[in-house]
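See structure below.
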């Protein structure tokens with residue numbers, strides 16, 4: 001798929017052509033998998049325990065979820081953002097490693113969450129999403145994700161996942177969006193508004209088994225300790241992927 005939007009000098013096209021020639025070679029796929037694994041390790045080591053709570057949760061959440069990207073890269077699948085867990089589930093099933101998938105959900109903390117509970121959290125997210133979208137003034141790299149135009153993706157898209165039985169796969173983006181909404185409110189809204197929405201955020205994070213910074217650090221360590229098993233599965237996918245060339 002050609003995803004170049006603008007390339008007035010032609011430099012991106014030349015780079016894309018060069019990269020595409022070697023994209024499926026095992027050595028380069030392996031390096032991309034290593035890069036994703038390194039992002040997990042670096043991210044979890046960089047959690048700032050002095051940061052605001054929503055920042056701490058974000059700093060744990062995203063590296064934890066990159067466990068899915070390691071697998072997706074090995075399978076030559078798109079390391080997507082919102083649907084990363086759904087995509088990883090499909091990869092593990094397709095390559096005969098479905099038994100590994102519950103481990104990813106356990107690391108995130110949503111393995112035992114019910115559809116009803118996730119739907120409740122989504123309802124709370126919808127409230128803070130609308131408040132944050134209305135208050136937003138400070139530009140963040142994710143600002144377009146917290147805006148009225150993005151509501152069909154963040155809210156309606158998550159609701160669709162729940163309705164189709166993928167409620168646990170919806171949790172990552174629900175929590176990420178919650179945290180981003182709090183970042184916007186911290187920057188652009190009265191403290192009273194952020195405080196009013198704090199219990200809902202605390203509730204979904206608590207449902208993941210996290211109520212303190214100590215919990216976050218412990219869970220980060222859980223992810224780090226899991227990486228050798230993740231790497232074993234990644235290697236099995238990489239070497240059985242017919243789309244990868246040995247060169």
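By how many degrees, between 0 and 90 and to the nearest 10, does the Cα long axis of helix 84-94 differ from the longest principal axis of the chain?
Compared with the principal axis, the helix lies near 40 degrees.
Among 135-143, 107-115, how do they line up from the highest to the lowest mean number of other beta-carbon atoms within 10 Å?
Details: 135-143: 12.9, 107-115: 18.2.
Final packing ranking: 107-115, 135-143.
For the chain, with equal point scatterers placed on the C-alpha atoms only and solvent neglected, what are the log10 I(q)/I(0) values from the Debye formula at q = 0.12 1/Å, to two decimals?
Listed by q, the Debye log ratios stand at -0.76.
Rounded to the nearest 500 deg cm²/dmol, what is the calculated helix-only ellipticity per residue at 222 nm for the chain, with -39500 (n - 2.57) per DSSP H run of length n ≥ 4? Before the final figure, lay out the partial values.
Numbers: 10 runs with 168 residues, N = 247.
Here the helix-only value at 222 nm equals -23000 deg cm²/dmol.
Return the distance in nm (one decimal) between the two label points of a simple spin-label model at residue 202 and residue 114, each offset 7 Å from Cα along Cα→Cβ.
2.4
Only residues of segment 203-247 count here: report those whose backbone N is under 16 Å from the spot 7 Å along Cα→Cβ of residue 25, or say none.
Within reach of a label on residue 25, which here means backbone N under 16 Å from a point 7 Å along Cα→Cβ, segment 203-247 contributes 244-247.
Quick check: residue separation of residue 212 and residue 81 times 0.36 nm, minus the Cα distance between them. What number comes out in nm?
Values: separation 131, 0.36 × 131 = 47.16 nm, distance 2.60 nm.
Length difference between fully extended and current span is 44.6 nm.
Quick check: pseudo-label points 7 Å beyond the Cα along Cα→Cβ at residue 12 and residue 99, how many nm apart are they?
Reported label-point gap for residue 12 and residue 99 is 4.5 nm.
For the residue pair residue 163 and residue 149, what label-to-label distance in nm results when each label sits 7 Å from Cα along the Cα-to-beta-carbon direction?
It is 2.5 nm.
Rounded to the nearest whole Å³, what is the per residue volume of the convex hull around the Cα atoms of segment 112-208?
Working: hull volume 7.6 nm³, N = 97.
Measuring per residue, one finds 79 Å³ for the Cα hull of segment 112-208.
On a 0 to 90 degree scale, rounded to 10, what angle separates helix 191-207 from the longest Cα axis of the chain?
That helix lies at roughly 50 degrees to the long axis.
As an exercise, use a Förster radius of 35 Å and the Cβ-Cβ distance of residue 193 and residue 45 to find the FRET efficiency, rounded to the nearest 0.05. Walk me through the numbers on the way to the answer.
On the way: r = 33 Å, r/R0 = 0.95.
The value I calculate is 0.60.
Readers should treat all values here as calculations from the given coordinates under stated rules, not as data from a laboratory. The model shown is predicted, which means the values in this text are computed figures rather than measured ones. Every residue, glycine among them, receives a Cβ derived from its backbone with ideal geometry; neighbour counts consider all protein chains shown.
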